[in-house]
Structure formats: structure tokens, C-alpha cells
Amino acid sequence: MSMLSHDVIIVGAGLAGMRAALEFAPGVDVAMISKVHPVRSHSGAAQGGVNAALHEDDSWENHAYDTVKGSDYLGDQDAIEIMCREAPSDIRQMEHWGVIFSRNDEERIAQRPFGGAGYPRTCYAADRTGHALLHAMYERVMRRGVKVYEEWFLLSLIMEDGECRGIVALDIPTGQVVSMRARAVVMATGGYGRVYRTSSNGLVNTGDGMAVCYEAGAPLMDMEFVQFHPTTLKSNGVLITEGSRGEGGTLINALGERFMKTYAPNAMELASRDVVSRAEQTEILEGRGVDGCVLLDLRHLGREKILERLPQIRELAIKFAGTDPIEVPIPVRPGAHYSMGGIKADFNGATPLPGLFAAGECSCVSVHGANRLGGNSLLETLVFGRRTGAFVNDYLVGRPMPSPADTHRVEQEKRLAEMVARPAGERGWALREELGTMMNRNVGVFRDRAGLEAAVTVAANVAERARRQWVMDKGKIFNTDLTEALELQHVTELARVIIAGALAREESRGAHFRKDFTTRDDAKWMRHTLAHPDPDGPKLSHAPVAFTRFEPKERTY
Amino acid sequence: MRIEIEIERSCPGEGQAARFQSFHVEVPRHATVLDTLMAVKNQEDGSVTFRRSCRSAICGSCAMRINGRSGLACDTQVEGELRRHGKLRIQPLAHMPVVRDLAVEIDPFWARVRAVQPWVERPREAEPSWPVEQETRMPQSAAEEMDDTSKCIMCMSCFSACEVAEVDTRFLGPAALAKAYRFVADPRDTNTQNRLATLNGGGGYWDCTRCNQCVEACPKDVKPMEAIVHLRREAIRAGFTGTIGSRHITDFLSIVRQEGRLNEGRMPMQMKGFNPFKLLPVLPLAWRMWRKGKLPLPWHWPIPGVSQVRRIMDRKGGARRKSFVVGKGDLK
């Protein structure tokens, strides 16, 4: 098959990718590829809201301070300032593009309190904000007629002379391996929550873009920082929005106590997510849990408020936990939720590899540092999706269309053929469960040296076995057994990077908590972790954190 | 518990016709249909093909027919299905060609969605420039008017359940029309007239038979059929009264106003006029009805309380309107 050719290829059609696509000048030939249809992207699962200092009494500086503090001073303050300053414009832009935000009495965009924030600055569309943003964004993409290759799976980057000249992808419905050349490639492939067994993330969140870029030589930054959301359902990890606590929901233990008073006497349930998750896990470990969970109590909000502000939450609780929050508290526990780390990128999306850009959860700019505030991830997709699109639009000027060799495609075709041809072996799902269970246990809310060292061994072992896994499906058309096998290779690779970072970082900061190093060590660890690929496992180096106006302080809520 | 699941499998691209295949798997008591399919794929046959992602009824990937009913696999409990139907039989969504097993081609569905121009359209001068200083003012009540339709996750269950889509390939279907109403109801949209005009023709809102299947199938309570009814009302209000559908409504109302009750005998003549050629197609039906003694006579006296009926109609007349007010913070 001949090589496809576009000025820009955006990999991933969630919020960040689509937002980037909308920034290009009309003459630029932009194409998106996504392994799922754009509205199936996981951006749509975001519930609670998106932050912006819209109100006169609030300011972007306050937002920036909350974000820096939330990041446990690991976020780059220059990038955070940009995000918080530009947030109001990006929110209003989305409003003009058709997002149906909930409104206040002044007919303006309503805002609710969220964890770790000093002001109610989270804009929302009931409790399906991500869904509202995602569908509105796709409406703009349809209006503009952006070409989307739906259900195409990224296999590799085309790297020649140290620069990115396109991608090789699998057209899932036909089974064809196709080369696509481009003058620039933007990654917007989302997070890696599915490295863990229990996660709020969709099954597609396997960090494919990160893994493929890492393999091609792009460094991954701060991967050890994985956010555990305090309120996910026990049965399947389905998310219960922080908005439920923002609206006044409380957390109680088996004794009926609001235990957050011990851990965060001021912010209580609205402390930062890492703080609340650790508090819950401590309660559970010390025997004050209820069947491995704590309870999220919404009853006092009353039927009317629950139905107006949290209708989806009620529906999810009824369907997946068998409890109606109007009548009884919902059992919840911490679950892997968000990847603070990702492909190292600057605030224009540029990665260290020429021709390669990244935005959204797959990137690490870093605005979230060691812990992301609720409502800042949707914001990141909007601000940095837009900035990356605009920057790449200019970057294209004078940059010729490359003519990469066909060998990249041939190589991938051969790789897939070998995977499918293998007549027997271990099944990928079993390996994935083994890896995920270990990650939950050893690389979860609490970590220590012994557990992490064991994790290194298990992950290396699973990675090795994953290379020989058995793809049962021998068909060409819509072979999801094959794509799942590829995803397994991605999550094992990323798991090794997470573990390496967590083992090296001998301190506790944000979402990374070491039982053997319980305090933050600014002298030694106020720096980013960079992971580079190496046959013997990830090689680590470090990068400084950018400071502007906020001096590191002890972090209490 | 150990359960049996029957899955309809096919791969037209490789010449494999549809057939049912049974699997037995062990699943927890509260397993969903999606959990069960994943157990089959993992433990029994890796080639069983279906789409899935979020597991929480928000991404819309895993819609399929479960014991004949279109819906999401991730929010359907196996236990309930077995209790109601005594079996678990899974098929791909209807009215769309199958790619493989439970994965159908999505292009036909999305082509219909694109046909309603599904985006907020505003004049160029209303497009904000960067930085965007103001949002549009809109009361919460206006947002709520769009609440049902904006919940749609485009899972295609309603399209699969639609009885018109089954016989009329032109019909845009419940999801696309619900989406159209979402923009008609949007105070920010300036394309309403054009949208209503486009959808007034064949394949549009008049082609729904109001069978309610879409409402029943929808996992997100979007109530597409209600949106279609709203579209019809907006169309008549906007002056699109030439279609049979709108004539049926307006003539129905005018007869009730005159006589205090529906006069079925008068409806065909009222709608089509006293044109014998136009009435010709109705005659065989009229003949059959007459032979069974069911042909209503077109002549009646108004019912005794007709003035009260008229009063009720006058009071009820106004439906919801766009409640948008241009506030001081608005863009030009």
C-alpha cells in the first residue's frame, strides 16, 4: 500500500488532540488517528469539572498557587502560570463552541468547590463535564471536516536522522499496516491508568503513545507519580466525582466518624486527592474500613440536589454498587486514576525529538507535578491542546514533507505477523492481571523499597513473557486480540518506568509516598525524573523544576 | 456462577455468515454482560470481537442486542437477563452492516448525525476573538431544556431499536434527530430555521412513527422520541406546515376545536382536500372499514361541552420557547 501523507498527524482524538486540530490554518492538511471513535475517548468520562478563575473575586494567581501547592512544588511554575492565566479564555471559547455549562443565578457559568482549591472555581456541566466538552469538541471537528482515521492503532514512530517523520499504524477494521508521513506528529493519546488492575480508567487507557514515543527515544518524565482517586467504586473502579464532595458529600469510616478531621482538619474532604486517598487507605489498613472501603455519604444533600447536580453519580451508584446515594452511603476506595507523568514536553508541546509534539495526559509539561488537582486535567487538554496546535501550525512553515523509507512499515508488518503466527503460549490477559495486581499492591498509594524491588523483578519477567504471548485470533479483520496484545506490551514497558522512578525517588511527595522515606526531601528531590529507554530497563536522569513566584512550603490542608 | 452465553458471530469480509456460538464461563454473581464477554474472550476464544472501553456507560462503545433488546453491555446485569429470558443471547446492533461479530460499521450512523449539521452555528461576527472576555449569558432553565438530548453518548442503541430505520434507509434515526433538537433548543444557535427546513423533508422528523422503542432502548434517558415531537412543534411554529405530518397535527387540532372530538371520517378530506385523485389511495381502506362496519361518518354535531374544550386548548396552547435573553455581557 502506498504511503499516506498529511502535513500534521495527531495521534489520539480526545480533548487535547481535537483541540490541537482546531488550531491549524485552513490550508493545513491535518489528520487524526485514534484507536477508538473520537466520542469514545476517555476525556468523556471526566465528571466533575474544569478549573478557571472566572470570577472577579478569584484570580489566576490564586489558581496557580493552589496548583503549585497541589503539585507538592514539583510542577513547573512557568507552565502553571500560563495554564491558569489562559484558563478563563479557553473555558469561554468552549462555551461559545456550544458546551452546555451549568449556570448560576446571574446566567453565567456556574462554579463549584473542588479539592485543594481555595475558591469555588470548577466549571461544570452537571456531573458529565468531560462528556459535554468532548461532544462539543467533536462537533467542531465535524464542522471543520478534519479527517479522522477512526479505529487506527499506533504501532511506531517513523524516526530518521533523529527526527520524527511520521507514524506506522494498523487500520483495525481491515488489518492493514500503513505508513503515514507528516511534517509534524502530535501525540495526544491519554494516560496509562490501565497499568493497574483496579482503575477508574477505561480499558483503552494503556498509554500507547507514551510507550511508542519512549521506544523511539523520547524521555518520559515523572512517571512514578500516579494519582489514586479517593472515590472509586469497589466493584469495578468506576469513578465517583470529586464534585460529590464539592457539593458537600462526606467520607465516613466504619465507626461513623468523618475521619478526614484527623488528616486535613481545615479542608476535610476537599483536601488534595493524594491526601484523601492516603487517609482512606490508612483507615482501611487500620481496620476502620467497611469491607475494604470507606463510605461516601451524600444523604444530607437531599434528593433534589443529588438529582440536579449529581444525576449520573446516582445512576452509576445504583447500577454498579447497588446503592442509591439518596438512601445509603456509597462504598468507595482509592483507585488508579491519572498519570501525572508522561512524554516530556514544554508548554508549546515540543518534545526533545524534532518533529514530535505532545499534549494532554500523555505529556508531562509539567503542570501537575507530584499531584494533580481535580479540574486541572480537562483544563490542561484545552490550554495545551490549543497551544500545541498553534505552535505546530507555525512550526510547519518552511518544513518540507519528508520522504521516509518504507522499511518502517515492513518492520511493523513483520512484527505483527510474528505475533499472530505464534501457535501457543501464555495469554495476554493473564499476564496483564498478574502485572496489574502487583502494581496495585507494590506500587500503589503506599510504597517501600522491598515492594518496589520485588516489582522490578515481576515487571521485567512479565515484559519478557509478554513478548512471547499467544494471540489466539488469527484473523485480519478487526483483530482486537492483537491490539490487546500490543497494549499489554505498552503497559508492561510503562510499568517498568513507573517502578524505576518510584524506587529511585527516596522521598514522599504528592502522590508518591514511600513508607521508608516519609517526608519530602527538597534538597535532593526537588527535581523531575527523566526515563530513557535501555535494553536493561529504564535509565534515569533528572531535570530541574522551574520556579517563578511560589517558594516551597510545607503542605497542609 | 457458571453461565451459558450465545454470541452471534460473523465476518462478512472473510465470507463467514452469521451463526450462533455458545460458551460456558464462570462469572461473579453481579457480572455485567460486558464482564461475561470479556471472560469469553480471555478464557475461551480470543477471536470473539466487540468494542468496549469505559465500563461505566459513558463512552457508548459496547452497545449490542442483548436478548433482542438494544443496549449497553457494560450496564446490563447478567442475572437480570437470565431471570427474565432464561438465556443470554448476544447479537450485533441492527440496521448497520457487521464488520465482525458484535462490531458493526459506524459510518452509516455518523453520516446521519452529520446530516443534521450538529454544531452550534453563529454568524461570523459572533465568533469571539482571543482572548475571550465573555461567555454567552444563559439561564439554567435554557441549559435544562437541552438536558435530555445533551446526555446522548451516541451509542447507537436507539438506531438499532428504531422500527422506521428497519424499513426506511433514508430515516435519520432517533439519535441524529435528538441531536438536531439539542441545537434547535440552543439559544446560541442561529441556524434553527435552516435546520428545521432541511429536516422537514424525507428522512426527517415527520418520518418517526412514535413507537417509543428508542426511548425504551436509550441507556442515558435521552428520550429521542420526545425530542422529535419537540422538533415537529418547532417546525409548525416556524411555519413549516406543508407536510402531511404537520397537516395531520393542525387539522386534528382544528377538528377538535370545532367538534370537541376527533372526527376520523373528516381527517382524510381535511388533510388532502376534496381532490378525488388524492383521496383515491384511501378508498380501499375506507371500503374495508365500511364492510366491517367501522367506517366513521364524517358528519357529527359538536359535543355538548365543546366550548370548554376550546377553553382548555386556548389555555394550554403555548409550549416552551427559547428563554434566551441577550444580557449586558454579551458579544455583539
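Structure summary
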{"read-out": "Approximate spin-label separation A:R449-A:E160, in nm, with each point projected 7 Å along Cα-to-Cβ", "value": "4.9"}
{"read-out": "Loop-located trypsin sites (Lys or Arg not before Pro) in the range B:95-185, at most 16 other Cβ atoms within 10 Å (DSSP)", "value": "B:R170"}
{"read-out": "Rg [Å, one decimal], Dmax [Å, integer] - the range A:407-513, C-alpha atoms", "value": "16.1, 49"}
{"read-out": "Span from the the range A:481-509 Cα centroid across to the the range A:344-386 one, whole angstrom", "value": "19"}
{"read-out": "Leading residue at positive end of dipole, the protein assembly as shown (Cβ point charges), from A:L233, B:G245, A:A64", "value": "B:G245"}
{"read-out": "Cα gyration tensor, chain B - rounded (a/c under 1.5), prolate or oblate", "value": "oblate"}
{"read-out": "Area buried, chain A against chain B - accessible surface, total, 1.4 angstrom probe, square angstrom", "value": "5700"}
{"read-out": "Protein accessible area in the protein assembly as shown, 1.4 Å probe - carbon and sulfur %", "value": "52"}
{"read-out": "Listed residues B:L37, B:Q21, B:A73: farthest to the positive end of the dipole of the range B:6-81 (Cβ charges)", "value": "B:A73"}
{"read-out": "Loop sites in the range A:145-192: GluC sites (Glu not before Pro), DSSP, at most 16 other Cβ within 10 Å", "value": "none"}
{"read-out": "Of A:K476/B:K41; A:K344/A:K414; B:K41/B:K220; B:K87/B:K220; A:K147/B:K179; A:K261/A:K515, those spanning more than 20 Å from alpha-carbon to alpha-carbon", "value": "A:K344/A:K414; B:K41/B:K220; B:K87/B:K220; A:K147/B:K179; A:K261/A:K515"}
{"read-out": "Label-point gap, in nm, between A:A523 and B:M313 - each point 7 angstrom along Cα→Cβ", "value": "8.9"}
{"read-out": "On Cα atoms only, tilt of A:77-96 relative to the major axis of chain A in degrees", "value": "90"}
{"read-out": "Paramagnetic label zone (point 7 Å from Cα along Cα-to-C-beta, B:R84; backbone N under 19 Å) in the range B:156-200", "value": "B:156-163"}
{"read-out": "Theoretical FRET efficiency, 1/(1+(r/R0)^6), r = Cβ-Cβ of A:H542 and A:E61, R0 30 Å, to 0.05", "value": "0.55"}
{"read-out": "Under the Debye formula (equal points on every Cα, no solvent term), log10 I(q)/I(0) of chain A at q = 0.05, 0.06, 0.07, 0.13 Å⁻¹", "value": "-0.18, -0.26, -0.36, -1.35"}
{"read-out": "Those trypsin sites (Lys or Arg not before Pro) in the range B:1-93 that DSSP places in a loop and that have at most 16 other beta carbons within 10 Å", "value": "B:R29, B:K87"}
{"read-out": "Linear extension gain, B:V229 paired with B:E6, 0.36 nm per residue minus alpha-carbon span", "value": "76.5 nm"}
{"read-out": "Burial of 40 Å² or greater, the range A:39-55 residues [accessible area, probe 1.4 Å, versus chain by itself]", "value": "A:R40"}
{"read-out": "Helix-only [θ]222 nm of chain A, DSSP H runs n ≥ 4, -39500 (n - 2.57) each, per residue, nearest 500", "value": "-11000 deg cm²/dmol"}
{"read-out": "Cα centroid separation - the range A:125-151 against the range A:155-172, whole Å", "value": "26"}
{"read-out": "In sequence order, calculated HN-Hα J values of the range A:454-462 (Karplus, 6.51, -1.76, 1.60; Hz; x Gly/Pro)", "value": "5, 5, 4, 5, 4, 5, 5, 5, 5"}
{"read-out": "Built amide H within the under 5 Å cut-off of A:V11, gap 5+", "value": "A:I33, A:V186, A:M187, A:A188"}
{"read-out": "Hits among lysines - C-alpha to C-alpha of B:K294 under 28 Å, sequence gap 8 or more where chains match", "value": "B:K272, B:K278"}
{"read-out": "Average silhouette area of the range A:357-455, convex hull of alpha-carbon atoms, in square nanometres", "value": "11.0"}
{"read-out": "Per residue solvent-accessible surface (Å²) - chain B, probe of 1.4 Å", "value": "49"}
{"read-out": "In degrees, nearest ten, helix A:60-70 long axis to first principal axis of chain A (Cα)", "value": "90"}
{"read-out": "Estimated 222 nm signal from helices in chain B, with DSSP H stretches of n ≥ 4 weighted -39500 (n - 2.57), rounded to 500", "value": "-10500 deg cm²/dmol"}
{"read-out": "Under 21 Å from the Cα of A:K234 - lysines, other chains or at least 8 residues apart", "value": "A:K319"}
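The values are calculated or read from the model by the stated rules, or taken from the named source; none is laboratory data. It should be emphasised that the depicted structure is a prediction, and the values quoted were computed from it without experimental measurement. Cβ coordinates were reconstructed from backbone atoms using ideal geometry, including for glycine residues, and neighbour counts include every protein chain displayed. We work out accessible area using only protein heavy atoms, side chains counted, and drop any ligands, DNA or RNA first. Shrake-Rupley method; radii C 1.70, N 1.55, O 1.52, S 1.80 Å.
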